[in-house]
Amino acid sequence: EAQVTQNPRYLITVTGKKLTVTCSQNMNHEYMSWYRQDPGLGLRQIYYSMNVEVTDKGDVPEGYKVSRKEKRNFPLILESPSPNQTSLYFCASSLNRGDGYTFGSGTRLTVV
Amino acid sequence: AQSVTQLGSHVSVSEGALVLLRCNYSSSVPPYLFWYVQYPNQGLQLLLKYTSAATLVKGINGFEAEFKKSETSFHLTKPSAHMSDAAEYFCALKNYGGSQGNLIFGKGTKLSVKP
């Protein structure tokens, strides 16, 4: 089944403890992206990648890192999480620039 | 700068009534436009997309949207609402050039359907 898989689905962590949310797609898509969703703010793009080793900042990149070493994987790294990064995170991918993104099921992160 | 504005954070309709969700965009270049739906505790699902081939776009679940360049609008409609349409709907924009991976979302409209 064609899909975007993110793990974990739920995560509770403490301030300052490094974490990684994994994202993998099995559709050979060129583009991948990370979004966070917060009530009243909609979805805001954190980072996106147009191909292996090509990444760019979205609208809210502060406090996050990404890497694209393989086409299928696009992990999101929080080096030192803070409570304001508590949010619902979505990974997404698309084949080319004219396509909409296919979204994963989301990762609900709580930082205490 | 590109932006997407969805008019009305909440819309309520009766079952069988017309659904109209409004989206206006701002872009200096012709955009790709999308509508997504999000059901509770789920990810986003693509309803339809506009990529300049036709101004009236048909999507899944009986939804359609019309691109109007003169009004910079891309409103989503469905002739007859079903209870299963209750969800949050997002309009989104992507530009042809520049940051092609940058899909920009509106803040969403929550649709309620009354029996």
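Here are the numbers for this structure:
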| item | result |
| --- | --- |
| Inter-part distance where region A:83-110 and region B:23-49 are each reduced to a Cα centre, Å | 14 |
| Accessible area per residue, Å², chain B with all protein chains present, probe 1.4 Å | 47 |
| Cα-Cα over 29 Å, subset of A:K18/B:K94; B:K58/B:K110; A:K71/B:K69; A:K69/B:K94; A:K57/B:K58 | A:K18/B:K94; A:K71/B:K69; A:K57/B:K58 |
| Leading residue at positive end of dipole, the protein assembly as shown (Cβ point charges), from B:L76, A:A2, B:L21 | A:A2 |
| FRET efficiency, B:E64 to B:E15 (Cβ-Cβ, R0 25 Å, nearest 0.05) | 0.85 |
| Coil-residue trypsin sites (Lys or Arg not before Pro) of region A:39-112, DSSP, other Cβ within 10 Å capped at 12 | A:K69 |
| Rounded percent of accessible protein surface that carbon and sulfur make up, chain B, 1.4 Å probe | 52 |
| Surface per residue (accessible, 1.4 Å probe) for chain A, Å² | 47 |
| Evaluated at q = 0.12, 0.13 Å⁻¹: base-10 log I(q)/I(0), Debye formula over Cα of chain B | -0.39, -0.45 |
| Average beta carbon contacts from partner chains per residue of A:43-50, 10 Å cutoff | 4 |
| Mean separation of Cα contacts under 8 Å, 6 or more apart, over the residue count of chain B: relative contact order % | 37 |
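The values are calculated or read from the model by the stated rules, or taken from the named source; none is laboratory data. Fair warning: this is a prediction, and the values are worked out from it, not measured in the lab. All Cβ positions, glycine included, derive from the backbone under ideal geometry; neighbour counts span all protein chains shown. Protein only, heavy atoms only, side chains kept; ligands, DNA and RNA dropped before computing areas. Shrake-Rupley method; radii C 1.70, N 1.55, O 1.52, S 1.80 Å.
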